[in-house]
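The values are calculated or read from the model by the stated rules, or taken from the named source; none is laboratory data. Please read these numbers as outputs of a predicted model, since none were measured by experiment. In this analysis, Cβ positions are derived from the backbone assuming ideal geometry, glycine residues included, and neighbour counts consider all displayed protein chains.
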Amino acid sequence: MSGDFDKFTGTRPVAAQHSFDVMKLASWMKDHVDPPLGRLTVSQFKGGQSNPTYLVDDGKRRYALRRKPPGKLLPSAHAVDREYRVMKALAGADVPVPKMVALCEDPEIIGTVFFLSDYVEGRVLWDPTLPDLTHAQRAAHYDELNRVIAALHSVDYAAIGLGDYGKSGSYLARQVDRWTRQYHASETEKIEAMDNLIAWLPAKIPAGEGTSIVHGDYRIDNVIFHPTEPRILAVLDWELSTLGHPLADFAYHCMTWRMPEGTHGRGLSGVDLPSLGIPTEREYVAMYCKRTGRADGIPHFDYYVAFNMFRLAAILQGVKARALQGNAASAEAHAAGARTRAIAEEAWRQAERVKG
């Protein structure tokens, strides 16, 4: 793996602003999970910009702990209780998720709401060019990514108890409004491209949309692959999940093909994909359409991409605001937040493609 991605991989000592009383956690686990078999050790995963996530080890068993960050938070953000609920519901579906262990809604234990899940051993692949794999292995890994998001969008959400997990219809209108408000709540400087998008997006929402469970942040580094096989063992980071528009969710996933290398840290634009065995965007979209029975392809795809880049810029603006306040989850939060303007300007370029 490239050294540029080492900063996202593995664990580090718990950041001072994210530390908590480990003895209180051990006591809570004794009453609500299983008594720890030995003294708990806690480290913090390097990756992730939003909800701090930790590796909890009692010498025999390992858990992942995911919590709301401390400090002042944006309304409706960092909903780890919703993450717990959706992953618990998906346990019986054809979407791989970690096994949920317990949810703690009492902020007195470690300072904020958190959940425990089984720790899933495997590979997180940060570089979408998959430099350490062969031509055939890259093709197989992308086919598996495609299979899982198609499976997610095919789940009967009502049948697994998620009929009230979000509102049906008007997803894009509600999302544009939500991220406009979130962006304004964390705005630190004027970005003309964001102002342009905030005016343009609501006026150009395509008619008609289906409803499915949407992940909201499905990308190659938010899944855990089997240690040696092109098989996903767990989809992670469900913070932005809800009921929504599957095509908008899929377009978010496809932004990787539109992003230059280095723009958001991980892009495929300009890469010679056939030589690597990675499908082109057109091929990847066709794979998804075949799996989901969309014979007509995806109309308005460029609009969905522009919307998702706008949404990403709003998310990164929130990361930047938290970094300035000192409570962002990742040591790389300042760098991520600094990309807000570049992503917003790329989103506006995508919008101008729609405008013709």
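Against the conditions (1) surrounded by 14 or more Cβ atoms within 10 Å (Cβ to Cβ); (2) over 24 Å from Asp143 (Cα atoms); (3) touching a residue at least 24 places away in the same chain (Cβ under 8 Å), where does Arg174 fall short? Just the number, please.
Looking at each condition in turn, Arg174 falls short on (3).
Residues of region 253-274 being free of Cβ contacts under 8 Å to residues at least 60 places away in the same chain and in a helix (DSSP H, G or I), which ones?
Selection gives Cys254, Met255, Trp257, Leu273, Pro274.
Any idea which of Ser19, Ser50 is among the hydroxyl-bearing types (Ser, Thr, Tyr), surrounded by fewer than 20 Cβ atoms within 10 Å (Cβ to Cβ) and at pLDDT below 95?
Result of the check over Ser19, Ser50: Ser19.
Of (1) assigned to a helix (DSSP H, G or I); (2) out of contact with any strand residue (DSSP E or B) (no Cβ under 8 Å at 6 or more places or on another chain), Pro128 satisfies all except one. Which?
Looking at each condition in turn, Pro128 falls short on (1).
Does region 86-106 contain any residue that is closer than 27 Å to Ala321 by Cβ and part of a loop (DSSP other than H, G, I, E, B)?
yes
Can you tell me which of Pro227, Pro274, Pro260 is surrounded by fewer than 20 Cβ atoms within 10 Å (Cβ to Cβ) and out of contact with any Asp or Glu (no Cβ under 9 Å at 6 or more places or on another chain)?
Among Pro227, Pro274, Pro260, only Pro274 is surrounded by fewer than 20 Cβ atoms within 10 Å (Cβ to Cβ) and out of contact with any Asp or Glu (no Cβ under 9 Å at 6 or more places or on another chain).
Could you tell me whether Arg322 is more than 27 Å from Leu90 (Cβ to Cβ), out of contact with any Pro (no Cβ under 6 Å at 6 or more places or on another chain), in a helix (DSSP H, G or I) and not aliphatic (A, V, I, L, M)?
Taking the combined requirement at face value, the residue satisfies it.
Among the listed residues Val124, Val80, Val95, which satisfies the condition of being β-branched (Val, Ile, Thr) and more than 28 Å from Ser19 (Cβ to Cβ)?
Val95
Answer with yes or no whether Lys99 is modelled with pLDDT of 95 or more, among the basic types (Lys, Arg) and either in the same structural domain as Gly267 (by TED's automatic domain parsing) or crowded, with 17+ Cβ neighbours inside 10 Å (or both).
no
Residues in region 255-263: is at least one of a type in the set (Ser, Thr, Tyr) and within 19 Å of Arg339 (Cβ to Cβ)?
Looking through region 255-263, at least one residue is of a type in the set (Ser, Thr, Tyr) and within 19 Å of Arg339 (Cβ to Cβ).
Name every residue in region 162-182 that is part of a helix (DSSP H, G or I) and hydroxyl-bearing (Ser, Thr, Tyr), in order of residue number.
Selection gives Tyr171, Thr180.
Working carefully through the options Pro299, Pro279, find the one that is assigned to a loop (DSSP other than H, G, I, E, B) and at pLDDT 95 or above.
Pro279
Please name all residue pairs, on different chains or six or more residues apart, with Cβ atoms under 9 Å, provided the first residue is in region 294-307 and is surrounded by fewer than 18 Cβ atoms within 10 Å (Cβ to Cβ) and the second residue is basic (Lys, Arg) and assigned to a helix (DSSP H, G or I).
The qualifying pairs are Asp302/Arg353.
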